[in-house]
1. Can you pull the one-decimal nm distance between simple spin-label points at residue 41 and residue 310, each 7 Å off the Cα toward Cβ?
2. Multiply the residue separation of residue 63 and residue 325 by 0.36 nm, subtract the distance between their alpha-carbon atoms, and state the gained length in nm to one decimal.
3. Cβ under 15 Å from residue 158's Cβ, residue 158 left aside: what net charge do those residues give with Lys, Arg +1 and Asp, Glu -1?
4. Mind giving me the FRET efficiency for residue 154 and residue 263? R0 is 41 Å, r the Cβ-Cβ distance, nearest 0.05 is fine.
5. Extending each Cα 7 Å along its Cβ direction at residue 294 and residue 70, get the distance between those two points in nm, one decimal.
6. Using only the alpha carbons of the chain, determine the length spanned along each of the three principal axes and report them from longest to shortest in whole angstroms.
7. Place a point 7 Å from the Cα of residue 145 along the Cα-to-Cβ direction; which residues of region 157-171 have their backbone N under 18 Å from it?
8. Rounded, prolate or oblate: pick one for region 290-375, where a ≥ b ≥ c are the square roots of the eigenvalues of its C-alpha gyration tensor, a/c under 1.5 means rounded, and failing that, prolate if a/b is larger than b/c, else oblate.
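What follows draws every value from the coordinates through simple rules; no lab data is involved. Being a predicted model, the structure only gives us computed values, none of them experimental. Cβ atoms come from the backbone with ideal geometry, glycine included; neighbour counts cover every protein chain shown.
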Amino acid sequence: MNKQFIVGKVDYVAEAMRLLIHTGAGETYGELKNNFLKSRNIQSAAFDEKFRVLTEIEKTMIKRLKGQEEELHFYFSKPWEEGKNAGGLAVLWGDFEKEPYESLEHYRQKLEALSQEECCKRFSELLHCYATVIEDESTFTSCDNKMDVVFQIMDMGIADEEKYKLQHIFLKPEVHREKVFALLEIAMEVLREYSEALDRFAAEFAAYWENELRDVCAGDYLKKHMGLDLEENPLGCGMRPNVILPSSISVFAKSEKDSTLSTPYIFTIGILFDDDFSVSFSGEDIKGKQECVLKILKILSDSSKFEILSYIKDKSAYGSQLAKHLGLTTATISHHMSALLSAGLVTMETKESKVYYKGNTKAIAEVLEYCKQVLAQ
């Protein structure tokens, strides 16, 4: 992976969608900052400045959406960590993360140019990721007609009320697209008011990562710090800033039917990550942190997640294998893996365009040792 590029510009279309996701979830930047300060010793003017600007954006966005709270909740009620929102399905959201668009109008034109068959296929693909942030294309079986998509929705492991909502969005696309685009326009206007600060954050992001990756590629760096092991990609990789979801990390690469990669790896990294806020899901910060341990114990209390960890404690497995072993759908497995990954309890690697998971036994051992020290000694 020797071909590498780092983007130092804000993708305002993508950030507008993220701002709706953040606002709709009802989580505040103040809460996010306090959570970080509880578990990490951070004394950084840059850290404080980023949260100051983000908090101002958050307050402005809430004011601009006054009177539209019900609509915002209808389309954007799930946190980013829980997967796709209904609003994203309405505008077939997904390509924003992979290639930037010049404007909302540019994306609208692309959307309107799609055939009904293409819309069905894209909606179907997004349904696979509706309850997870992991998009493993090797497990996708996309539908290209309306009836099959409706059946796909009915087979999803979600509440009936949510199924009916998704069906209505799918069958009445024009109605819902207009409403979501109206919300996106508001988000774009708010972000433009803070463009000077946001553009500065993006430039600082690029400068930091260009220095951090001067002697190593992004894939090797994230393998070392996160346990994310990606197969070699001859097309290289790129990094883009994520401003509105400042502590998130995601990676994307498209593969063909023969499993060959057809795009570079694109890492979208939160702007918080720097010398004072390191990229690490290794479990090193867990020991001695009661709040983190309690969160992990809650995860381990789920029987399916516990069985997954038991199955992959000494071997790797991909989504379909785990689904077959547990008798669950691949979408449900991906949902469980999202939680396990975010807690640092599993590592992830790709082989032949399949995503493989393995238990992070070191992190689990640290949690158990902490419990032993506090509760049994």
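1. Going from the residue 41 label point to the residue 310 one covers 4.0 nm.
2. Values: separation 262, 0.36 × 262 = 94.32 nm, distance 4.87 nm.
89.4 nm is the gain from fully extending residue 63 to residue 325.
3. So the surrounding residues net to -1.
4. Efficiency computed from Cβ-Cβ geometry: 0.80.
5. Between residue 294 and residue 70, the simple spin-label model gives 3.6 nm.
6. 61, 49, 43
7. Output list for this probe position: 171.
8. Prolate, because a/c is 1.5 or more and a/b exceeds b/c.
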